[in-house]
Amino acid sequence: MKKICILAVCCLLTMAAFADGAGKKVNIVFIGNSITYGAEINHNTEAPPVRVGEMLTAEGYDVNVSNCGVSGSTTVDWLPERNSRIFQRMIGAADEFAVKDGALVFNMMLGTNDSAIDCCTGSPVAAADYINNVRKIVDYLLQRYPSAKIIVNYPLWYHPHTYNGARYLHQGLERLRTYLPQIDALCKDYKKAKPQRVFQGSRKTFKTFENTTDLFVAENSALGQGLKFYLHPNQKGAIVLARFWSESIKKCIK
């Protein structure tokens, strides 16, 4: 009798663990830069999108994941009118997911490279231009995929010594901070205009990573003098970021 009771409890716990996700199918396209891609860690097994897939699967969801993160990319690279290879690859993945059963979700995190002084396409990008670019991307996805849901995330904090050939530094970090209230306002607008279509990712993410260097890979700064910078999440940081993303995805597909 005691063994039967223990077995019953174990079964109930297992059922509870899978209750939220049981039978739910979700297809996730990740839009981002090197942080999404998984630079400085194993892209195939440790990148944040991979961890999201693992976490949701463990909760009983039927998950398809496409990591479209591209190192060095800015919002300019993702603009629909540019129709870059980066953009075409993302659309190809989304088109494939759109015909599958389940929710189609876009998880977007861009801004790190936009903020840099002389990094990549279009950088530095002023806050007004940054959010206008994000709006163009979101509007295109809303039109092309009428049932899709889009999550717009804050970019992550990075260290003021960040200089890896491209200069981020204190000036870039301060520019990055100006993007955050723009994202707040954008998502507020969409909440009224497109309810249940566009969602804001956790506003705790930036603060969680801010000055928490043990969540990042320590890299040598081009400033020299033995200085380190912290830009890319390490294995631990990727899991923390994936946890935030997973929770946001679950909320938007409830």
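Can you tell me how region 45-186 classifies by the Cα gyration tensor, rounded, prolate or oblate, using a/c under 1.5 as the rounded cut?
prolate
Anything over 30 Å Cα to Cα? Flag those among LYS149/LYS228; LYS192/LYS254; LYS188/LYS228, in the order listed. Before the final figure, lay out each step's value.
Working: LYS149/LYS228 38 Å; LYS192/LYS254 19 Å; LYS188/LYS228 37 Å.
Correct reply: LYS149/LYS228; LYS188/LYS228.
For the Cα atoms of the chain, what angle does the longest principal axis make with the long axis of helix 2-19, in degrees from 0 to 90, nearest 10?
Between helix and principal axis, roughly 40 degrees.
TYR179: net charge of surrounding residues, Cβ under 11 Å, Lys/Arg +1, Asp/Glu -1, itself excluded? Walk me through the numbers before you get to the answer.
Details: positive: ARG175, ARG177; negative: ASP114, ASP129, GLU174, ASP184.
Counting the neighbours of TYR179, the net charge comes to -2.
Enter the angle in degrees (range 0 to 90, nearest 10) between the Cα long axis of helix 85-98 and the first principal axis of the Cα atoms of the chain, meaning the one along which they spread out most.
Tilt relative to the chain: about 20 degrees.
Shape of the chain from its Cα gyration tensor (a ≥ b ≥ c, root eigenvalues): rounded if a/c is under 1.5, otherwise prolate when a/b > b/c, or oblate?
Values: a/c = 2.09, a/b = 1.38, b/c = 1.52.
Cα axes put the chain in the oblate bin.
Based on the mean of other beta carbon atoms within 10 Å per residue, what is the order of 110-122, 92-104, 54-66, most packed first? Please list the in-between numbers first.
Values: 110-122: 23.0, 92-104: 15.5, 54-66: 18.3.
Per-residue mean Cβ counts within 10 Å order the peptides as 110-122, 54-66, 92-104.
Along the Cα-to-C-beta direction of LYS254, a point sits 7 Å from the Cα; which residues of region 177-220 have their amide N less than 18 Å from that point?
Flagged as within label range: 188, 191-192, 195-204.
Give the order of HIS159, HIS43, HIS170 when sorted by the count of other beta carbons within 10 angstrom, beginning with the fewest. Please list the in-between numbers first.
Details: HIS159 22, HIS43 16, HIS170 11.
By the 10 Å Cβ count, ascending, the order reads HIS170, HIS43, HIS159.
Rounded to whole Å, give me the distance from the Cα center of region 51-98 to that of region 189-236.
18
What number comes out for the charge environment of LEU169, summing +1 per Lys or Arg and -1 per Asp or Glu over other residues with Cβ under 12 Å away?
On the way: positive: ARG167, ARG175; negative: ASP118, GLU174.
With Lys, Arg at +1 and Asp, Glu at -1, the net is 0.
When we measure straight from the Cα of LYS136, which aspartates and glutamates land under 13 angstrom away, once same-chain ones fewer than 8 places off are left out?
ASP77, GLU81
Can you return the aspartates and glutamates within cross-link range of LYS204? Criterion is Cα-Cα under 13 Å, with same-chain partners fewer than 8 residues away left out.
Output for LYS204: ASP184, GLU247.
Once the convex hull of the C-alpha atoms of region 179-254 is built, how many Å³ does it hold per residue, rounded to a whole number?
Details: hull volume 7.7 nm³, N = 76.
In region 179-254, the Cα convex hull volume per residue is 101 Å³.
Where a number appears in this text, it was derived from the coordinates with a stated rule and is not lab data. All values reported here derive from a predicted model rather than from experimental measurement. Cβ coordinates were reconstructed from backbone atoms using ideal geometry, including for glycine residues, and neighbour counts include every protein chain displayed.
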